[in-house]
Amino acid sequence: MDKKKELLIRAYLVLFFFIAFAGIIAFRVITISMIEGDKWRSKGAHHIQWKSQEADRGSIYSDDHSLLVTTLPFFDVRMDTKVASDYEFFRNLDSLAWGLSRLSPRYNSYEWKNSLSIARKQSNRYFSIAKNINADDLDKFKSLPLLRKGRFGGGLIIERKSTREKPYGQLASRTLGEYRENADKVGLEGYFDKFLSGPTEQKLMKEISTGVWVPLHDLDEHEAEKGDDIHTTINIIMQDIAHNALHETLKNYNAKEGTVVVMEVETGAIKAMVNLNQSRSGKYEELYNCAVAKSTEPGSTFKTASVLAMLEDGLADLNTGVDLGGGKKKFYDRMMYDSKPHTIHTSDLREAFEISSNVGVASLAHKHYNHSSEQRKMFYKRLCSFGLCDVSGVDILGEPRPFIKDPEKNKKEWYGTTVPWMSHGYEMHNTPLQQLMFYNAIANNGKMMKPYLVNEIRNKTGTIKKFQPVVIHNRIASEASINAMRELLEGVVNRGTAKNIRSEIITIAGKTGTTRVDYSMPDEVKKYNASFAGYFPADRPKYSIIVVVYEPKGAYYGSSVAAPVFKEIAEKYTIIDQNMYAFASNVQTEEMIHLPGRIVGHKLDLIRIMQYVQIGYKDKSRSNWVEVDPFETRMLVENKKISKSSLPDVSGMGARDAVYVLENLGFQVDVQGVGKVYKQSLTPGIENKGQEIKIYLN
């Protein structure tokens, strides 16, 4: 065979093999894409999928924008040890191991190098580097050799997680609520969950080993979508004062639990809500929202509603006569007693109310509301007209409806003794917040406001929803009846059962309550709840407060257990609230704002006052705390140095500023007097060790 023919045969063979190979490839492409397409696509779906990822929850703020609840991110750092080439991996191994030993000293440099080498040999694509680190530490890990190349260059895997934190710990904890996966959300966390939770993102994830999914794309994991922020009505200073006052009383009387609610009279905004429950360890913690969800017989604080009903129906006035029977009287087959024995018989409604006579109030209610079905219906309808049959509608889930007996719907439970016992707060139930809503209406000249906890909801673009005060009833009773009722409530503090809380700082009006809990049980096992509901200043109410202490031991009267808590809160609020102090002390505005002598305080507050009254000033300061001195025809504003490591000199400061500065530095402050600080018990400059300090004001 000649050479030409031999070359042709070889060429044809090569061509044949190329054609055959191309045919095989084409056949496999058609088979995989068309015939077996669904099979391979389904297998691929198991390794790359869109996964849902919840956004960070929004934050919750106080009325001055202090952070009450927030979501803190933390991270796990892992490494896909098979991403980098052998050359890149081993070239950077020593420096990577050294850097890891500095950031994560659980291993030394040699141990890190050995662990990484073994992980690569074992084809570990999910090797753990660090767990539960913050964003600052994450940035340090991301700057290490090899890891700085990211997901696809160096095998860096970042898993972002988050935790819900309350910077102020137990303060208002139950009101703010709890966020728990696979469990009911409570408090504001539950009520506003749809706003706080934010959008759910879809991220493309890749399964690198069984059950282990990582982001397919090399994204920056620091930033995440976030829910809306909730801005509440809670004032953190007022919350702290109420919390500490209640906590001390619960400890002193070894009580089961207690609650305090502070409401702004004009608007219904809740400025503080404290709920403390005794845990198994004996400590008091915020475990259950008694203020909103605990419905009990209110006892004598309900006498206010019974008396207001008689005043409004024209059945009695403050001078209406009543026989107190020396503190006991029989209604049908049951004997009623006043809380303390006395020898008073002939009296009037004013005295009966001020000394909290069960017999006196019950006798008048029995006389006017218990002799016919029409009278009983009138009593029930009048109580409901005060809003006492309705829920408050506060921004927290779980509020029960009040139970006040209806003579028609509750015929089987209605007895001849029902009206006398209802008149002083038995055979019925409501919550502390529902009771406070009624007292707040009396303080607000008869206008009943809906209690609320949230001012607005914001996102990153601004306010998306704003909440305004809501009027439930424009007037629950006539002006004359409300004025008479307010006169009675002032009398309770000035002459009656709460005269022990008369204050030289602020005028108080309110009503004591002492409720027998298990009155069907023998006397040796009897339990009580102590309460006080009222408002201050009495003649121009700004805040209404209810205090309830459940099952105190040793003492149980509302006057001795609950009322002192009210007084402490009211006085401390007055001291820190300069506007209220000015009103309570009858100080003329002009005398305050002319700034006689040296004044020390917060710069923005003082400058705002001088601008308002058009006083000239020269600002030489660059700090938040300043001294203001008269200087020729202008005020001179200069820096006031506040040391964080030692006790500052707070002389010249107002009470609010002095308490704020000292408590933030860790000192325990005892305020003596009213006005400006002229003396302090500890010498300025001593080391800050959390001591108690007295400041004297005049």
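Worth a mention:
- The single condition from (1) over 30 Å from D193 (Cβ atoms); (2) crowded, with 19+ Cβ neighbours inside 10 Å; (3) small (G, A, S) that S128 fails is (2).
- For the stretch 544-600, the tally of residues that are part of a loop (DSSP other than H, G, I, E, B), at pLDDT 50 or above and open to solvent by less than 70 Å² (accessible area, probe 1.4 Å) stands at 7.
- The set of residues in the stretch 383-402 that are at negative phi, out of contact with any Gly (no Cβ under 6 Å at 6 or more places or on another chain) and surrounded by fewer than 21 Cβ atoms within 10 Å (Cβ to Cβ) comprises C384, S385, C389, D390, V391, E399, P400, R401.
- Some residue of the stretch 60-81 being over 20 Å from I158 (Cβ atoms), of a type in the set (G, A, S) and in contact (Cβ under 8 Å) with a residue 60 or more places away in the chain: yes
- K405 vs. criteria at negative phi and open to solvent by 20 Å² or more (accessible area, probe 1.4 Å): no
- Criterion violated by A22 - all others in (1) at pLDDT below 90; (2) hydrophobic (A, V, I, L, M, F, W, C); (3) in contact with a Leu (Cβ under 7 Å, 6 or more places away or on another chain); (4) assigned to a helix (DSSP H, G or I) satisfied: (3)
- Residue check, G314 open to solvent by 10 Å² or more (accessible area, probe 1.4 Å) and part of a helix (DSSP H, G or I): no
- Residue under evaluation L219, criteria (1) modelled with pLDDT under 95; (2) at negative phi; (3) within 24 Å of the chain's Cα centre (by Cα), criterion not met: (3)
- In this structure, F532 qualifies as part of a strand (DSSP E or B), open to solvent by less than 10 Å² (accessible area, probe 1.4 Å) and of a type outside the set (S, T, Y).
- In the set (1) in contact with a strand residue (DSSP E or B) (Cβ under 7 Å, 6 or more places away or on another chain); (2) within 29 Å of T233 (Cβ to Cβ); (3) of a type outside the set (K, R), the condition left unmet by V517 is number (2).
- Contacts under 7 angstrom Cβ, first residue in the stretch 381-393 being over 25 Å from L453 (Cα atoms), partner surrounded by 14 or more Cβ atoms within 10 Å (Cβ to Cβ) and among the aliphatic types (A, V, I, L, M), 6 or more apart: R382/A309; L383/A305; L383/A309; L383/I404
- Any chance S363 is of a type in the set (G, A, S), surrounded by 16 or more Cβ atoms within 10 Å (Cβ to Cβ), over 15 Å from E312 (Cβ atoms) and more than 42 Å from the chain's Cα centre (by Cα): yes
- Residue match in the stretch 329-336 (condition: at negative phi, among the basic types (K, R) and in contact with a Ser or Thr (Cβ under 8 Å, 6 or more places away or on another chain)): yes
- Whichever residue in the stretch 62-73 is at pLDDT below 90 and open to solvent by less than 50 Å² (accessible area, probe 1.4 Å) and, among such residues, is farthest from A269 (Cα to Cα): P73
- Only one of the numbered conditions (1) out of contact with any strand residue (DSSP E or B) (no Cβ under 9 Å at 6 or more places or on another chain); (2) at pLDDT below 95; (3) of a type outside the set (D, E, K, R) is violated by G314, and that is (2).
- Residue match in the stretch 149-158 (condition: at pLDDT 85 or above, of a type in the set (V, I, T), under 31 Å from the mean Cα position of the chain (by Cα) and crowded, with 16+ Cβ neighbours inside 10 Å): no
- Segments classed as strands (runs of 3 or more DSSP E), wholly inside the stretch 416-510, with at least 3 members that are open to solvent by less than 60 Å² (accessible area, probe 1.4 Å) and in contact (Cβ under 8 Å) with a residue 40 or more places away in the chain: 454-459
- Residue count, the stretch 247-279 (criterion: without any contact (Cβ under 8 Å) to a residue 12 or more places away in the chain and either assigned to a loop (DSSP other than H, G, I, E, B) or among the small types (G, A, S) (or both)): 1
- Test set (1) at pLDDT below 95; (2) under 13 Å from the mean Cα position of the chain (by Cα) - A272 fails condition number: (1)
- Considering the conditions (1) assigned to a loop (DSSP other than H, G, I, E, B); (2) open to solvent by 40 Å² or more (accessible area, probe 1.4 Å); (3) in contact (Cβ under 8 Å) with a residue 60 or more places away in the chain; (4) of a type outside the set (S, T, N, Q), Y107 is excluded by exactly one of them, (3).
The values are calculated or read from the model by the stated rules, or taken from the named source; none is laboratory data. Just so you know, these numbers come straight off a predicted model, no measurement behind them. FYI the Cβ positions are ideal-geometry reconstructions off the backbone, even for glycines, and counts take in every protein chain you see. What goes into the accessible areas is simple: the full protein's heavy atoms, side chains included, and nothing from ligands, DNA or RNA. Shrake-Rupley method; radii C 1.70, N 1.55, O 1.52, S 1.80 Å.
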